[in-house]
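J.: Structure provided below as structure tokens; questions to follow.
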Amino acid sequence: MAPRRRRDPAESRAELLAAAAELIRQRGPDNVSLRQIAEAAGVAHGLVAHYFGSYAALVREVLRVENDRIEARVRDRIRAEDGVPLAAGIMDVVFDTLADERYLRLFVWAEMHADYRGATRPELVELVDTMEAGIKEALAGRPAPSRARIEAVVLVGLSAAYGFAIGGRSWLAGLGHDPDDPAHAAEFRVQLARMMGAHMVEESGVEESGMEAAG
């Protein structure tokens, strides 16, 4: 157990979140308790409940921090491209994140709990805002995909990436492939990015190669 010391509320919350994230990484969300998190952070058990209310609420907060980190990386990738945010670059960030088993366990656990579903995600809205603005700027007045089409592409990409991260190894083995061969994951990324890019530009009538050139 970590020694107890005086902390301000912001420090206490940050240290509890860090302790929770590490314990979840080691044991999985179903095998961690508020008491264990309090012991790891060196605070009284009651303080965890005071700040977060319940274990599910604490897990949601850990996941929110992780999602903020991912979405910041995606926004950085969009800005770095200096033009149209290409599907391949964005999906590289998502896939790299999903290689982190700790994050994947956390996401699956949270989605399986009814009280997490339907949570507001302003960061995801901001991500779509950034993509929409980047596309319109790069196309310089030419027809652009609608907001609904951009949102659909984001949802398809996230769904496919998360699905592959969770079940890809089993599905590859079921098809008779070696699930440890990285070529299969690499090919999946390429094909997914192509489909996303094609769907993005289909509505506007702009060729995908033209959008890339605009960036």
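J.: How charged is the neighbourhood of ARG102? Take every other residue with its Cβ under 9 Å from the Cβ of ARG102, and add Lys/Arg as +1 and Asp/Glu as -1.
T.: It works out to a net charge of -2.
J.: Cα convex hull of segment 9-53: how many Å³ per residue?
T.: 58
J.: On to the next question. Expressed in nm to one decimal, what extension gain is obtained for the pair ARG69 and ALA18 from 0.36 nm per residue of sequence separation less their Cα-Cα distance?
T.: Taking ARG69 through ALA18 to full extension adds about 17.0 nm, to one decimal.
J.: Turning to a different aspect of this structure: Based on the Cβ-Cβ distance of ARG105 and ARG194, what FRET efficiency does E = 1/(1 + (r/R0)^6) give at R0 = 41 Å, to the nearest 0.05?
T.: Using R0 = 41 Å, I get an efficiency of 0.85.
J.: Another question, then. Ordered by packing density, taken as the mean number of other Cβ atoms within 10 Å over each peptide's residues, highest first, how do 140-148, 35-43 rank?
T.: 35-43, 140-148
Bear in mind these aren't lab numbers, they're just calculated from the coordinates by the rules spelled out. As the structure is a computational prediction, the values presented were derived from the model and not from experiment. Here the Cβ is made from the backbone with ideal geometry for all residues, glycine too, and neighbour counts use every protein chain on show.
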